[in-house]
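The values are calculated or read from the model by the stated rules, or taken from the named source; none is laboratory data. No experiment lies behind these values; they were computed from the predicted model shown. Glycine also receives a Cβ, built like all others from the backbone with ideal geometry; neighbour counts cover every protein chain displayed. Just the protein is used for accessible areas: all its heavy atoms, side chains included, with ligands, DNA and RNA removed. Shrake-Rupley method; radii C 1.70, N 1.55, O 1.52, S 1.80 Å.
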Amino acid sequence: MKTRDSLARGSQYIAAAALVLVVAMLALNTASWFFPALGRVDGGAGLSFSLTQRMTGMAGVDVAAMPWWQLLGAALISSIPLLAMAYGLLQLRALFQQYASGNYFAHSAYGHMERMGRAIVFWVVLDFACEPVLSAWVTMLAPAGQRMLTLSLEPQVFIVLFLAACVIAIARILQRACDLHAENQQFV
């Protein structure tokens with residue numbers, strides 16, 4: 001009984017933390033555009049996400065000199081991949097809310113986990129796709145010859161994609177476990 005209570009309590013904490021992470025990452029991403037010292041690694045807090053950090057650290061980009069509308073556009077564009085991650089975190093939250101209520105073999109549990117894995121894949125793809133759009137956006141007011149269009153692929157992307165594939169595979173295993181549990185319940 002004590003183990004179940006600690007499992008439920010831990011699941012509630014993870015569900016709450018997932019919600020806090022969603023709000024914090026979107027707010028922090030926006031704030032790092034309007035307050036560049038938050039995101040700056042050299043002499044700043046280093047609290048921005050990779051896409052924002054790549055753009056604000058790009059040679060020839062002066063975030064402090066950008067007009068508000070350009071900063072707002074940059075914050076919106078750089079938030080697109082984070083929205084995919086937010087969706088994944090909300091799926092994780094829903095999964096742990098089910099676990100907190102003792103629904104370990106609910107058929108919707110594997111769906112939440114699979115959608116979380118897919119959201120991670122979409123986050124990586126959207127981060128890759130939004131980089132050239134964002135680089136064009138932040139350099140559009142630069143003089144001719146100084147505007148940029150960037151595209152990068154970092155090695156950690158492959159690790160993240162591998163982990164996402166593992167999460168999706170575990171979700172399918174959980175689906176099979178749920179099917180077996182339902183089958184066993186018919187015999188009891």
Equivalent ellipsoid, the stretch 120-160 (semi-axes from 5 times Cα gyration tensor eigenvalues, Å): 26, 10, 5
Probe 1.4 Å - accessible area at VAL133, Å² to nearest ten: 80
Estimated FRET transfer efficiency when R0 is 41 angstrom, pair ILE80-ALA182 (beta carbons, to 0.05): 0.60
Mean separation of Cα contacts under 8 Å, 6 or more apart, over the residue count of the chain: relative contact order %: 22
Percent RCO, i.e. relative contact order, over the stretch 107-188, from Cα pairs under 8 Å lying at least 6 residues apart: 46
List TRP33, TRP123, ordered by accessible area with a 1.4 Å probe, largest first: TRP123, TRP33
Cα→Cβ-extended label distance, 7 Å offset, between HIS107 and MET148, nm: 5.1
Gained length - MET140 relative to SER50, 0.36 nm times residue gap less alpha-carbon distance: 30.3 nm
Convex hull of the stretch 53-188 built on C-alpha atoms - directionally averaged projected area, nm²: 10.0
Over the chain: helical MRE at 222 nm, DSSP H runs n ≥ 4 each giving -39500 (n - 2.57), nearest 500: -26000 deg cm²/dmol
Heavy-atom surface of the chain, accessible at 1.4 Å and reported per residue (Å²): 57
Portion, in percent, of the accessible area of the chain that falls on carbon or sulfur, probe 1.4 Å: 69
Inter-site label distance for LEU21 and VAL160 at 7 Å from Cα along Cβ, in nm: 1.3
